[in-house]
Each structure stands twice: as C-alpha cells, then as structure tokens.
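Encoded as structure tokens, the structure appears first; notes follow it.
Just so you know, all these numbers are worked out from the coordinates, no wet-lab data involved. Just so you know, these numbers come straight off a predicted model, no measurement behind them. Using ideal geometry, Cβ is built from the backbone for each residue, glycine included, and neighbour counts are taken over all protein chains shown.
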Amino acid sequence: MTNKKSTVIIVALESEFSSKALSSKLPIIYSGMGKINAALAVFEAFQQYQPELIINYGTAGKINPKLSGLVEIKKTIQRDMITDSMAPRGIVPFSKNPNEFYSKSGQYTCGTGDSFVETKDDWLIDNQVDLVDMELFSIAAVAYSFGIEWTSFKFISDDANNDNSVKQWQNEENLGEQLFLDKLKELELIA
C-alpha cells in the first residue's frame, strides 16, 4: 500500500473531479487549466506536502481513435513548443532539461499544450501521440526537477480531431470521476 501522506493528487478543475468524492485525507490540489497553472500546483504540492508521488487526473482529447474510458499515461511531451527555425517541434531550444518525461507505468503518450485541440494535427499522429491535455507535461517536468515520481490517469472526454470537441468535453468532463475513484481503490490509496 502506498503511503497516503506521501501522495498528492493534482486535477485541473473541480468539475472534472470533486474533492467531495474523496472520503479520505488524500490531498488534492486544483491547478486550473494550462501549463503554468499546473507547474505552480506542483510547486504548491512540494511546499505543503513534500510528496513522494504526484497523481495527475483529468480529462483528455483522444487522437488515437481506439481510446475510451480511463487510460494511464506512460510518456508526456509538449505539443505546442514550436520553434522550427531553432529546434524541431516539441523540443525546447537551448535547454538541458528533458523534452519528454516517463512514468513508471502506463502505456499511452500524452501531448500537452496550452490550446484546446479541435482539428486534426498530422504532427500528433506522426509522433504517435495518443491523447492531448493542457497540464501533464508541466506536472511531470516540475516533479522531475524536485525528484518526485508521477503517474497520470486521463479520462477520454472528447475526440480532439474534430470541431465538436469542446462541446463533447463540456458534456463529459465529469464522467470519469467514478473510474478514477475505482483506480484509487485499486491502488489502495482509498478504502
């Protein structure tokens, strides 16, 4: 069983996962949307709890048409670092930090960016990105800098390849809550 005191959950929005759903004392931090807010949330988690593990939960748009339900992320990259004249897309020029981060488990690749994906993007397909979000890369990058392990579970709320994705997300953003609670029970983090 994982030590509850050494684990913090980070979720972008309370509408995706309500703290009222947690009957335990497992800390949850709501970051708000986007990479900067997510980075600040990890810093807050580090200051308040000194966690050994950060669990990120949230919604994501699927690029891989086979995805549905709750999925666990193995790898995260930046999809909106575009400096073509200095480095390939997804690569931060002149940085010594990694350009991708890995969890110890999971199987899918998440592309993080500060935009809501509403159209087909061949770069995502060419780079085998399975799903897209707006926070995970920053969570993983800051966790890495503090030496904190991370894992991430994403509920597939929409098909990011079409112009109806925002409406799909609005209709389904909270439908993964029970699936995530079940995962926390499976991990023995809650009763």
**Descending principal axes extents, segment 4-186, alpha-carbon based, whole Å** = 47, 38, 25
**For Asp158, Asp80, order by how many other beta-carbon atoms lie within 10 Å, fewest first** = Asp80, Asp158
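Just from its helices, what would the mean residue ellipticity at 222 nm be for the chain, if runs of 4 or more DSSP H residues each count -39500 (n - 2.57) and the sum is divided by every residue, rounded to the nearest 500 deg cm²/dmol?
Working: 5 runs with 49 residues, N = 191.
One gets -7500 deg cm²/dmol as the mean residue ellipticity at 222 nm.
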**Request:** Name the long-range amide H neighbours of Asp159: under 5 Å, sequence gap of 5 or more, or other chain; modelled H, no Pro or chain starts.
**Result:** Lys62
**Prompt:** Given DSSP loops and a limit of at most 14 other Cβ atoms within 10 Å, what is the longest stretch of the chain that contains no such GluC sites (Glu not before Pro)?
**Reply:** 53-187
**Prompt:** Could you put Met86, Met134 in order, starting from the residue whose Cβ has the fewest other Cβ atoms within 10 Å?
**Reply:** Met86, Met134
**Request:** Specify the inter-centroid distance of segment 115-133 and segment 17-31, based on alpha-carbon positions, in whole Å.
**Result:** 29 Å
**Message:** Test of the criteria: in segment 16-100, which chymotrypsin sites (Phe, Trp or Tyr not before Pro) are in a DSSP loop and have at most 14 other Cβ atoms within 10 angstrom of their Cβ?
**Reply:** Phe94
**Fill in**
Once phi for every residue in segment 75-87 is put through the Karplus expression 6.51 cos²θ - 1.76 cosθ + 1.60 (θ = phi - 60°), the whole-Hz ³J(HN,Hα) values, with Gly and Pro written as x, are 9, 10, 9, 8, 9, 10, 8, 10, 10, 3, 6, 10, 7
**Request:** Using Cα centres only, tell me the gap between segment 54-82 and segment 137-185 in whole Å.
**Result:** 6 Å
